[in-house]
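The values are calculated or read from the model by the stated rules, or taken from the named source; none is laboratory data. Only a predicted model underlies this, so the values are computations on that prediction, with no experimental measurement involved. We place every Cβ from the backbone using ideal geometry, glycine too, and count neighbours over all the protein chains shown.
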Amino acid sequence: MALTDEQLMIQEAAHRFASEQMRPFAGEWDETKHFPVEVLREAAGLGFAAIYCGEEHGGSGLGRLDGVLIFEQLSRGCIATAAFLSIHNMCTWMIDRFGSADQRGQWVPRLATMELIASYCLTEPGSGSDAAAMKTRAVRNGDHYVLNGSKAFISGAGTSDVYVVMARTGDETARGISAFIVPKSSEGHATEGLAFGANEKKMGWNAQPTRTVSFDNVIVPVENRLGAEGEGFRFAMKGLDGGRLNIAACSLGGAQDALDRAVQYAGERSQFGRKINDFQATQFKLADMETELCAARSLLHEAASALDVQAPDATKWCAMAKRFVTDAGSKIANDALQIHGGYGYLHDYGVERIVRDLRVHQILEGTNEIMRVIVARSMTATA
Ligand SMILES: Cc1cc2nc3c(=O)[nH]c(=O)nc-3n(C[C@H](O)[C@H](O)[C@H](O)COP(=O)(O)OP(=O)(O)OC[C@H]3O[C@@H](n4cnc5c(N)ncnc54)[C@H](O)[C@@H]3O)c2cc1C
């Protein structure tokens with residue numbers, strides 16, 4: 001797919017930012033579990049925090065294909081940081097797309113600069129893949145709702161200023177779920193009843209926190225509800241279409257980085273008196289990695305284009321791309337580690353971090369099994 005001059009410029013800007021502001025520090029952020037909020041705000045300065053939001057409220061007015069080009073480059077700098085930015089973009093877009101004029105004016109400009117940081121709250125301890133079975137409830141009482149329940153695995157929780165929360169306002173089906181904008185504080189006062197768990201100890205994604213978020217009689221004004229009652233699950237799923245593209249783009253960037261490192265290492269390391277890239281086994285592995293990476297990129301760009309034109313089957317394309325690209329990305333990163341031999345297992349070589357960071361992309365924003373459920377459902381529904 002030929003990129004336009006503007007897309008090439010955006011790609012180059014993201015690449016330069018990742019090379020200068022992220023890549024030199026990614027290993028340290030992982031080791032010290034540092035969430036580089038200041039770097040995220042600099043990325044926001046380039047328009048990367050509200051990529052496909054309208055320009056009216058400070059968004060960049062770009063498309064989904066532009067978005068995946070950006071996230072592929074940023075994740076070559078730091079996968080965990082780029083992936084968090086993807087979640088922030090998803091929340092910002094949900095408010096920009098489904099919010100009222102007042103909500104958009106109030107929240108989007110400050111989310112676009114990352115003066116405010118956003119988290120997405122869908123998963124609960126008892127409902128992951130079956131997200132519509134959530135128990136968190138929002139009960140209306142005059143001009144406000146009272147929220148009770150808890151969310152699990154929330155990226156950015158504790159640090160984020162704004163929580164896009166899906167909660168039950170009606171019956172036990174997906175149509176009984178609404179979405180709310182819940183601020184961590186307002187007018188300098190912490191939101192009463194909103195609490196965060198300890199930072200989870202994780203295999204990867206260490207440069208961003210993951211915590212539970214709990215609601216104990218949290219008062220949320222009616223004007224903070226996104227859209228009408230009952231529309232929350234649909235908004236959450238629409239957000240995830242784009243989220244899945246971006247998570248896949250982060251796998252692509254991480255895998256490209258791992259492959260680049262493997263090519264370089266294979267040209268430097270000698271065993272049995274020859275460079276290891278003289279062995280056909282290494283050459284074939286590199287050839288397969290390159291082929292699978294290019295195939296993954298093509299599918300991802302196709303899926304992003306389907307969402308850009310709002311194709312009726314865009315959700316299926318996003319699910320296919322998320323499943324294929326994140327599986328391919330993890331395999332390529334793991335093969336790159338193998339080419340590095342024992343050195344690949346050492347932190348200093350950077351490849352083991354890529355393997356750890358990419359693994360979760362096969363699990364979150366819908367597991368890759370659930371991606372197959374979505375694809376198969378769309379095929380059998382029309383058969
Ligand atoms: C680091 C991290 C960050 C996260 N960030 C966020 C966040 O910011 N916001 C948020 O809301 N959530 C977040 N999540 C949650 C994530 O989206 C869920 O973990 C994921 O959706 C899976 O849910 P689960 O963990 O409950 O697994 P389960 O749903 O219990 O699944 C367990 C296994 O069963 C399989 N399975 C379940 N149902 C089916 C089925 N119908 N057919 C076939 N197989 C099935 C799954 O594929 C999986 O292999 C995060 C998770 C992690 C690990």
So which residues in the stretch 104-119 are of a type in the set (S, T, N, Q) and more than 16 Å from the ligand (Cβ to nearest atom), if there are any at all?
Q106, T113
Count of residues meeting criterion [within 15 Å of the ligand (Cβ to nearest atom) and over 22 Å from N246 (Cβ atoms)] in the stretch 332-383:
3
Restricting attention to the stretch 197-225, which residues are of a type outside the set (K, R), part of a strand (DSSP E or B) and either without any contact (Cβ under 8 Å) to a residue 40 or more places away in the chain or touching a Gly at 6+ places or on another chain (Cβ under 6 Å) (or both)?
T212, F215, D216, N217, V218
If you go through A132, A167, the only one that is surrounded by fewer than 22 Cβ atoms within 10 Å (Cβ to Cβ) and either more than 8 Å from the ligand (Cβ to nearest atom) or among the hydroxyl-bearing types (S, T, Y) (or both) is A132
Filter the stretch 45-61 for residues that are surrounded by fewer than 21 Cβ atoms within 10 Å (Cβ to Cβ) and assigned to a helix (DSSP H, G or I); which is nearest to the chain's Cα centre (by Cα)?
G45
Run A195 past the list (1) under 30 Å from L307 (Cβ atoms); (2) more than 14 Å from the ligand (Cβ to nearest atom); (3) surrounded by 16 or more Cβ atoms within 10 Å (Cβ to Cβ) and report the number of the one that doesn't hold.
(1)
If you check F284, F180, F233, F272, which single one turns out to be surrounded by fewer than 22 Cβ atoms within 10 Å (Cβ to Cβ), under 22 Å from the mean Cα position of the chain (by Cα) and aromatic (F, W, Y)?
F233
Does the stretch 138-151 contain any residue that is without any contact (Cβ under 8 Å) to a residue 60 or more places away in the chain and within 16 Å of the ligand (Cβ to nearest atom)?
no
Of the residues in the stretch 120-129, how many are among the polar types (S, T, N, Q) and within 6 Å of the ligand (Cβ to nearest atom)?
2
Does M90 fit the bill of being outside the structural domain of A333 (by TED's automatic domain parsing), assigned to a helix (DSSP H, G or I), among the aliphatic types (A, V, I, L, M) and in contact with a Lys or Arg (Cβ under 9 Å, 6 or more places away or on another chain)?
no
Residues located in the stretch 135-149, provided they are polar (S, T, N, Q) and buried (at least 20 other Cβ atoms within 10 Å of the Cβ):
T136
Given the conditions (1) closer than 18 Å to R269 by Cβ; (2) small (G, A, S); (3) surrounded by 23 or more Cβ atoms within 10 Å (Cβ to Cβ), every one holds for G329 apart from (1)
Quick one: what pairs do we get from the stretch 354-375, first residue part of a loop (DSSP other than H, G, I, E, B), second more than 6 Å from the ligand (Cβ to nearest atom), C-beta under 6 Å, 6+ apart or different chains?
E365/L240; E365/G243; E365/R244; E365/I247
Which count do you get for residues in the stretch 203-217 that are surrounded by fewer than 24 Cβ atoms within 10 Å (Cβ to Cβ) and away from the ligand (no atom under 13 Å from the Cβ)?
3
